Amino acid sequence: MNEKPVNKIILIFTLFINISAISQGKDQSNSDKQQIKSELNEVLTDIENNYAYFNKKNIDIKCLKEKYNAKINLIKDKNDKILFFEYLFDEFYDSHVHLNVSIQNSYRLYSPIYAVLKNEKVIILNVWQNQLKNLDENIVGAEILKFNGQDIKTLIDIFPTVCSNKQNKDTRNWIINKILAGRYSESRKLELLLKNDKKYTLNLDDLTLKKHQSLMTTSLKKNIGIVSINNSLGQNALITEFDNALKALMQTDGLIIDLRNTVDGGDSYIARGIMSRFIQKDTPYQMHSFDDFQIGHPLVKRSWIELVSPRGAIYKKPVVILVGRWTGSMGEGLAIGFDGMKRAKIVGTEMERLAGSIENFTIGKLDFGYSLSTERLYHINGTPREEYIPTNYVNQTHISSDEIMKKGIEIINTREF
């Protein structure tokens with residue numbers, strides 16, 4: 001007799017639990033959205049207060065707040081959140097501003113080719129020739145027609161940034177090379193039109209970069225010492241290894257330091273350790289600048305010149321520094337330092353153009369953060385580091401020989417010092 005009333009009570013109780021669970025889920029979802037909104041506001045505030053290039057970039061902070069707050073509803077999981085912040089940092093078209101975490105759908109930081117927009121055509125300007133093992137076709141000067149089957153210029157327009165001015169030349173060139181870097185999860189197939197009007201298909205993922213077991217490699221060519229830094233400017237042990245190599249090269253007629261494989265940058269401790277072996281007194285090598293402020297008070301520019309002090313036996317013969325598009329951050333600092341100290345000839349192309357000195361920032365209580373340039377860096381003649389062009393510029397024309405190395409050896413042999 002009591003069976004039906006009991007079932008009815010159970011049903012009502014079950015419905016109550018389910019409705020409560022749904023309500024709690026909704027509350028949790030709203031809580032998550034509020035948390036992301038708080039994290040976004042924190043990031044944008046830190047950028048406004050600390051990003052050394054905030055004004056130079058003409059950042060539309062109002063647009064960022066509006067567009068990215070609207071995107072919060074689309075975030076379903078941690079991967080979505082990572083891409084949400086990754087695309088936010090891409091708005092600044094600055095490779096020094098990026099997350100310190102990546103997922104399969106993230107963009108890589110660089111590729112082994114560098115392209116620019118010329119006369120509405122996307123042209124390959126530079127190839128990482130000295131680090132590639134298996135590229136036989138000369139693609140320097142080739143036009144990129146398609147990337148993974150899509151028109152390259154269309155991909156620029158649909159690149160996932162919503163506030164940066166994609167008609168701006170610098171922005172478009174940065175986006176082009178971000179597209180070429182590609183997502184980890186996708187192939188990177190290029191359809192090219194070579195300079196001889198031949199069409200050519202290239203999969204960037206088929207290219208192999210040289211692997212180096214040591215922090216640096218040395219060689220001798222007609223009594224010219226050659227020291228190649230193997231992307232190790234962040235390794236403190238490089239200083240001792242460099243010291244040992246220099247000791248063996250002290251009697252050479254000249255020295256070439258190859259910085260074309262320093263794409264990941266490094267530490268000024270190592271850079272100063274290297275430069276200190278080439279000067280006889282304290283010498284300026286770069287200038288720092290940032291906008292100091294106290295909340296509620298005006299910005300006051302603060303700047304200073306950093307010196308290098310001599311260390312150990314000094315190498316006094318001619319020095320040439322080789323640089324290229326994959327000379328990054330502290331590699332760029334070494335180049336402008338040697339040039340500013342008037343202690344070397346700089347040979348090569350534009351460098352990676354990574355702006356300023358970076359610091360790491362957290363995002364709320366998330367287990368990942370980001371890098372942000374907080375100081376502007378300059379050659380001691382006042383040229384921003386990211387705008388520096390080598391005094392001995394080499395226009396890359398082919399990949400069959402190392403044109404930059406050839407120019408460096410030529411300068412030492414002809415004593416152009």
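Taken together, the values in this text are just the output of simple stated rules run on the coordinates, not laboratory data. In this text the structure is predicted, and so the values were computed from the model without any measurement. Methodologically, a virtual Cβ is constructed for each residue, glycine included, from the backbone with ideal geometry; neighbour enumeration extends over all protein chains shown.
The order of His96, His297, His379, going from fewest to most other C-beta atoms within 10 Å of their C-beta, is His297, His379, His96. Please check which bits of region 319-359 a label hung off Glu410 would reach, taking the label as a point 7 Å along Cα-to-C-beta and the cut-off as backbone N under 12 Å. Counting backbone N atoms under 12 Å from the label point, the list is 348. Packing, taken as the mean count of other beta carbons within 10 Å per residue, orders the peptides 227-233, 105-111, 319-325 from highest to lowest as 319-325, 227-233, 105-111. A straight line joining the Cα centroids of region 27-78 and region 124-150 runs 36 Å.
For the chain, the membrane-span-like helix rule (DSSP H, alpha carbon extent of at least 27 Å along the helix axis, mean Kyte-Doolittle at least -0.5) picks out 3-50; this says nothing about an actual membrane. Note on region 284-417: Rg/Rh from C-alpha atoms, Kirkwood Rh, equals 1.07.
Calculated FRET efficiency, Lys247 to Ser401, Cβ-Cβ distance, R0 = 30 Å: about 0.45 to the nearest 0.05. Multiplying the residue separation of Leu117 and Lys342 by 0.36 nm and subtracting their alpha-carbon distance yields 77.6 nm.
For Gln280 and Ser214 in the same chain, what is the full-extension length gain: residue separation times 0.36 nm, less their Cα-Cα distance, in nm? Don't skip to the answer; put the middle values down first.
Values: separation 66, 0.36 × 66 = 23.76 nm, distance 2.93 nm.
Net length gain for the segment: 20.8 nm.
Close Lys pairs in region 24-99, defined as Cα atoms under 13 Å apart and 8 or more places apart or on different chains, number 9. Taking the chain as a Gaussian network of alpha-carbon nodes connected by springs under 10 Å, the highest mean-square fluctuation of the residues Ser102, Ser268, Ser400 belongs to Ser400. The fraction of all Cα pairs in region 24-99 landing in successive 5 Å bins from 0 to the largest distance is 3, 14, 27, 25, 15, 9, 4, 2, 1, 0, given as whole percents.
Between Asn41 and Glu186, the C-beta separation translates, for a Förster distance of 25 Å, into a calculated FRET efficiency of about 0.20. Going 7 Å from the Cα of Glu137 in the Cα-to-Cβ direction, what parts of region 188-226 have a backbone nitrogen less than 19 Å from that spot? Label zone hits: 188-209.
Counting other C-beta atoms within 10 Å, which of His398, His98 has the fewest, and how do the rest follow? Can you show the working numbers first?
Details: His398 13, His98 20.
Placing the least packed residue first, the sequence is His398, His98.
For the chain, the 222 nm mean residue ellipticity estimated from helices alone, with every DSSP H stretch of n ≥ 4 adding -39500 (n - 2.57) and the total spread over all residues, rounds to -10500 deg cm²/dmol. The GNM of the chain, with springs linking C-alpha atoms under 10 angstrom apart, assigns the highest mean-square fluctuation among Glu39, Glu332, Glu137 to Glu137.
For region 390-410, list residues with backbone N below 15 Å from a point placed 7 Å from the Cα of Lys195 toward its Cβ? Hits in region 390-410 for Lys195 at 15 Å: 394-404. Spin-label pair Leu366-Ile305: with each label point 7 Å from Cα along the Cα-Cβ axis, the two points sit 4.1 nm from one another.
Comparing Leu202, Leu132, Leu74 in a Gaussian network model of the chain, where Cα atoms under 10 Å apart are tied by springs, the biggest mean-square fluctuation is seen for Leu74. Modelled spin labels at Ser31 and Thr391, positioned 7 Å past Cα toward Cβ, are 6.3 nm from each other. Ranking of Met341, Met330 by neighbouring Cβ atoms within 10 Å, starting from the fewest: Met341, Met330. Gain on full extension, evaluated as 0.36 nm per residue between Lys56 and Ala237 minus their Cα-Cα distance, stands at 61.5 nm.
With a simple spin-label model that places each label point 7 Å from the Cα along the Cα-to-Cβ direction, the separation between Glu48 and Asp206 comes to 5.1 nm.
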